[in-house]
Structure formats: C-alpha cells, structure tokens
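Chemist: A single structure is presented below for examination.
What follows draws every value from the coordinates through simple rules; no lab data is involved. Keep in mind it's a predicted model, so treat the numbers as computed, not measured. All Cβ positions, glycine included, derive from the backbone under ideal geometry; neighbour counts span all protein chains shown.
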Amino acid sequence: MASTYNELGIELMATGENAGTWGTKTNTNLDIIQQAVAGYVAQAVTDGGTTALTITDGSTSTSVARHMVIKLTGALTGTSTVTVPDSVEKLYIVENATTGSQTVTFKTASGTGVNFTSTGFKFLYSDGTNINEITLASPPGGSDTQIQFNSGGTAFGGSANLVWDGTNVTLGATGALRLGDTAGGEYVGLKAPGTVSSSYTLTLPTATGTADQILVTDGSGNLSFTDNSGGTSWQAVKTSGFTAVAGEGYFCDTSSAAFTATLPASPTLGDEVTLVDYAGTFDTNNLTVGRNSENIQGSAADLTVSVERAGLTLVYSGATYGWLLKDK
C-alpha cells in the first residue's frame with residue numbers, strides 16, 4: 001500500500017513502505033510539523049489581486065500556507081486577498097505589514113475570512129471551511145510609555161491612591177499630577193487643597209487666549225480667557241473730543257479749547273474711566289464728561305469739570321445711579 005498525506009502534507013507511511021528512506025521521510029515530516037507549529041515566512045501580496053498560498057505534500061519549500069506565522073508584505077494600491085487551502089485546520093498568526101492603507105482579506109479559498117484595514121497582527125484559525133479571528137476577552141494593556149488600566153474600578157500598581165473608575169483617573173490623598181521638564185530633573189505639580197467642601201471639576205478653555213489675558217470661571221467650573229481689567233491702561237494725551245474705553249485713563253489737554261470726553265456705551269458693573277487735567281486748564285476751558293445715555297451721579301445730565309488740575313475716576317454702578325465718582 002502506498003503512502004498517503006494528511007492536510008498538512010505529512011506523509012503517512014504504510015506498513016513496510018519506504019525501506020531505506022524511512023529516516024529521511026520521518027525527518028521531513030518533523031520539519032513539516034515544525035513549520036505548522038512554529039514556522040515563520042514573509043509573503044509578498046499581489047497588488048489588487050489574489051495571492052493563493054498552498055501546501056505541497058511532503059515538501060517544506062513550497063508550503064507557505066503551512067506556516068504558523070505569516071507576514072504579509074508589499075506596497076498596495078488596491079484591495080487584495082490572500083487565501084489558504086479550504087481543508088486545512090490550523091492556527092495562524094498573521095501580520096499585515098503591507099503599505100498603502102489598503103484592505104487585505106485573509107481567507108480560505110472557498111470560504112470567508114477576516115479583513116486587515118490597518119497594519120498589525122491577528123490571531124486566527126481555520127476550521128477547514130472559513131478563517132476565524134480569535135479575540136481575547138479583556139486583554140491586558142502593554143506600553144513602555146503609557147499608564148494602562150485593564151478594568152474599571154481597579155487600583156493601578158496596587159496603590160489605592162491611583163484608581164481608574166472606567167472614565168476618570170483619581171489621584172488620592174492630595175497626590176500631585178507632576179509634569180516634568182525637558183531634562184527630567186524638575187517638574188510642575190498640580191494638586192487639590194487639603195480639604196474641599198464638595199467635589200468640583202475645572203474645565204479648561206477651548207483655545208489658548210491672547211497675550212496678557214487671565215483665566216476666569218463662570219461659577220460652574222468652566223474656565224475661559226479674558227482681558228485683564230485690573231488697573232488703569234493710560235493713553236496718550238487727548239486734545240479734542242473722544243469716546244473713552246472702560247479700564248483706560250486719559251490725560252486731557254484743554255489749553256486750546258474745551259472738549260467732551262464721552263463715557264463708554266453699554267457699560268457693565270465695575271467699569272472705570274479716569275480723567276486728568278493735563279495742562280491745568282479745566283478752569284478756563286472746561287472738560288465736559290458726556291454721559292452717553294447713562295446717568296452720572298444719579299442724574300441724566302452731562303458732567304462739567306471746571307477745577308484746575310482736577311483728576312477724577314468714575315465707576316459704573318448700574319442703571320439707577322449710573323457713573324459715580326470714585327475719587328476726585
């Protein structure tokens with residue numbers, strides 16, 4: 001009786017067959033088994049077509065489909081397919097190392113398979129009809145550069161001070177989040193105060209803001225950048241009428257003629273404007289402070305400043321009394 005071959009191409013020798021060559025054939029069979037359980041091969045993929053991997057009975061040189069680990073290579077411009085024989089039942093570890101970001105399907109010749117839509121590895125098996133992917137439940141993470149958590153509500157590294165609840169990471173016991181410098185020797189740390197009356201979250205702004213702006217909160221923890229309104233921004237000397245801007249101070253020179261400094265329109269609570277007699281001439285050429293539809297000192301009338309070397313700051317108090325003299 002002649003020898004037969006199984007699905008992996010291993011020669012099944014009949015009793016009394018292969019006298020004198022039995023040892024060679026046995027060694028070949030062991031090499032075939034080695035390919036099936038631990039063999040590695042790189043296989044170029046036909047661009048936009050089908051690459052048929054085969055198993056040759058009794059041969060180790062032309063049997064790519066027999067290997068345990070198959071690395072798919074090549075620069076692809078179109079969807080491509082790689083097939084293995086239908087009848088083979090075995091495990092595969094397949095790496096898609098092709099370039100071009102094209103879909104590569106690994107399947108049996110007549111059945112279905114799995115798609116690679118990106119580079120990487122898949123753990124697969126053939127049931128003799130189709131290729132199936134083996135998905136490991138809750139695989140542990142692995143990284144040399146990132147902290148990874150495997151399940152919700154789990155303390156990291158055995159420490160109850162660093163816990164992930166599935167959504168948030170909590171640093172307990174007023175631990176600090178440390179951001180290291182480029183040299184790795186120094187850091188900037190952020191931490192909670194010793195006690196808080198209730199938990200809260202601060203949400204950072206959506207953009208970086210502009211130079212000299214400050215962070216403010218809306219009272220609900222949403223942070224944003226705004227212009228720094230503290231102090232007075234002094235302007236160049238004014239010699240004719242102008243409209244003031246909240247937060248600014250003005251040196252007013254009426255030596256040539258009287259003029260009007262108009263207060264800001266639509267002011268908000270706490271807005272301030274400062275006016276100073278630059279040349280000591282308010283007594284001869286008065287400065288008029290235009291109310292711009294708001295009250296001044298509770299009166300719906302403009303303010304006339306006629307005191308030499310006068311300096312005054314008006315602060316907006318609201319619609320009822322309008323602009324009030326903060327100092328004069």
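Chemist: Regarding the stretch 4-13, can at least one residue be identified that is aromatic (Phe, Trp, Tyr) and surrounded by 13 or more Cβ atoms within 10 Å (Cβ to Cβ)?
Modeler: Yes, some residue in the stretch 4-13 is aromatic (Phe, Trp, Tyr) and surrounded by 13 or more Cβ atoms within 10 Å (Cβ to Cβ).
Chemist: Among the residues of the stretch 6-27, are any closer than 30 Å to Ala75 by Cβ and touching a helix residue (DSSP H, G or I) at 6+ places or on another chain (Cβ under 6 Å)?
Modeler: Within the stretch 6-27, none of the residues are closer than 30 Å to Ala75 by Cβ and touching a helix residue (DSSP H, G or I) at 6+ places or on another chain (Cβ under 6 Å).
Chemist: Now, a different point. Please find, within the stretch 294-321, the residue that is farthest from Cys252 (Cα to Cα) out of those that are touching a residue at least 40 places away in the same chain (Cβ under 8 Å) and not in a strand (DSSP E or B). Before you say what the answer is, go through the steps one by one.
Modeler: The first filter runs over the stretch 294-321 and keeps only residues touching a residue at least 40 places away in the same chain (Cβ under 8 Å), leaving 302, 313-318.
Subsequent filtering for residues that are not in a strand (DSSP E or B) retains 302, 317-318.
On the way: Asp302: 17, Ser317: 24, Gly318: 26 Å.
Residue satisfying both the conditions and the ranking: Gly318.
Chemist: Just checking, how many residues over the stretch 91-105 are buried (at least 19 other Cβ atoms within 10 Å of the Cβ) and part of a strand (DSSP E or B)?
Modeler: Going through the stretch 91-105, the residues buried (at least 19 other Cβ atoms within 10 Å of the Cβ) turn out to be 92, 94, 96, 98, 102, 104.
Filter again for part of a strand (DSSP E or B), leaving 92, 94, 96, 104.
Adding up the residues that qualify gives 4.
Chemist: Pairs only if they're at least six apart or on different chains, beta carbon under 7 angstrom, first in the stretch 178-191 and touching a residue at least 12 places away in the same chain (Cβ under 8 Å), second charged (D, E, K, R); list them, first residue then second.
Modeler: Sorted first by the residue in the stretch 178-191, then by its partner, the pairs are Gly189/Arg178.
Chemist: Can you tell me which residue among Thr108, Thr81 is buried (at least 18 other Cβ atoms within 10 Å of the Cβ) and under 20 Å from Thr56 (Cβ atoms)? Working first, answer last.
Modeler: Details: Thr81 fails: under 20 Å from Thr56 (Cβ atoms).
Exactly one of Thr108, Thr81 is buried (at least 18 other Cβ atoms within 10 Å of the Cβ) and under 20 Å from Thr56 (Cβ atoms), namely Thr108.
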